[in-house]
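J.: One structure coming up, written as structure tokens, with questions to follow.
All of the numbers you see were taken from the coordinates with simple rules; none came from a lab. Since this is a predicted model, take the numbers as computed values, not measurements. All Cβ positions, even for glycine, are placed from backbone atoms using ideal geometry, and neighbour counts span all protein chains on display.
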Amino acid sequence: GAVVSQHPSRVICKSGTSVKIECRSLDFQATTMFWYRQFPKKSLMLMATSNEGSKATYEQGVEKDKFLINHASLTLSTLTVTSAHPEDSSFYICSAQQSGGLGNSPLHFGNGTRLTVT
Amino acid sequence: SQQGEEDPQALSIQEGENATMNCSYKTSINNLQWYRQNSGRGLVHLILIRSNEREKHSGRLRVTLDTSKKSSSLLITASRAADTASYFCATGGGNKLTFGTGTQLKVEL
């Protein structure tokens, strides 16, 4: 089945540093990947849509200079949290849909990254 | 704001019992999906029901959809401890999904 690998699973960093999170589709190509943020016991909030070879589309209220997204290939998207602050601490999850799939095809999710900024 | 609101927020049952979770949404949909999330992990797709379907089954899962009431329910029959997780409904066009607030299910031995 389609597998999405997200790395790292857990990261602790100091305030002011940047953190990069990778999302890879292991056995399929994904033209589009999605990045979500989830607070404890809350739903997923879509942050941005990552498009291979073009700029990401950010949701309202999400700072694109703060959350840099790069989708350089059909199997890899990265999210970089720049100049992280404690309020950026959260659970970040990526998802991908197989390229050429039907619009109703399910999304495949990574296992998430727990970011803690101290 | 969340497209989907789920009810109850948390549910605790004994193994072997059935668990029912409800989801209400606000706008018209083409389909509705249910996902499961184990604690601290990503989401796993469970089932998709189209707007022209009223009921769908997959193993121990039964999903209903009432478009007139803009609501859906997920029934897990003969629950197991391994079913302990959060369950989310999701709506949206194309690939862009909006998730409900989720139901935390705990199945106790």
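J.: Among the residues of region B:13-38, how many are part of a loop (DSSP other than H, G, I, E, B) and aromatic (F, W, Y)?
T.: Total satisfying the criteria: 0.
J.: Something else now. Just one of the numbered conditions (1) surrounded by 15 or more Cβ atoms within 10 Å (Cβ to Cβ); (2) under 22 Å from B:H45 (Cβ atoms) is not true of A:S99; which one?
T.: Only one criterion in (1) surrounded by 15 or more Cβ atoms within 10 Å (Cβ to Cβ); (2) under 22 Å from B:H45 (Cβ atoms) is unmet by A:S99, namely (1).
J.: Hey, another quick one. Is region A:28-50 home to any residue that is within 11 Å of chain B (Cβ to nearest Cβ) and basic (K, R)?
T.: Yes, the conditions are met somewhere in region A:28-50.
J.: Let me ask you something else. If you go through region A:81-94 one residue at a time, do you hit one that is in contact (Cβ under 8 Å) with a residue 60 or more places away in the chain, closer than 17 Å to A:S5 by Cα and either hydrophobic (A, V, I, L, M, F, W, C) or touching a Phe, Trp or Tyr at 6+ places or on another chain (Cβ under 6 Å) (or both)?
T.: Within region A:81-94, one or more residues are in contact (Cβ under 8 Å) with a residue 60 or more places away in the chain, closer than 17 Å to A:S5 by Cα and either hydrophobic (A, V, I, L, M, F, W, C) or touching a Phe, Trp or Tyr at 6+ places or on another chain (Cβ under 6 Å) (or both).
J.: Also, I was wondering about something else. Among what's in region B:59-109 and is in a loop (DSSP other than H, G, I, E, B) and of a type in the set (D, E, K, R), pick the residue that is nearest to B:Y25 (Cα to Cα).
T.: Only one residue tops the list, namely B:K70.
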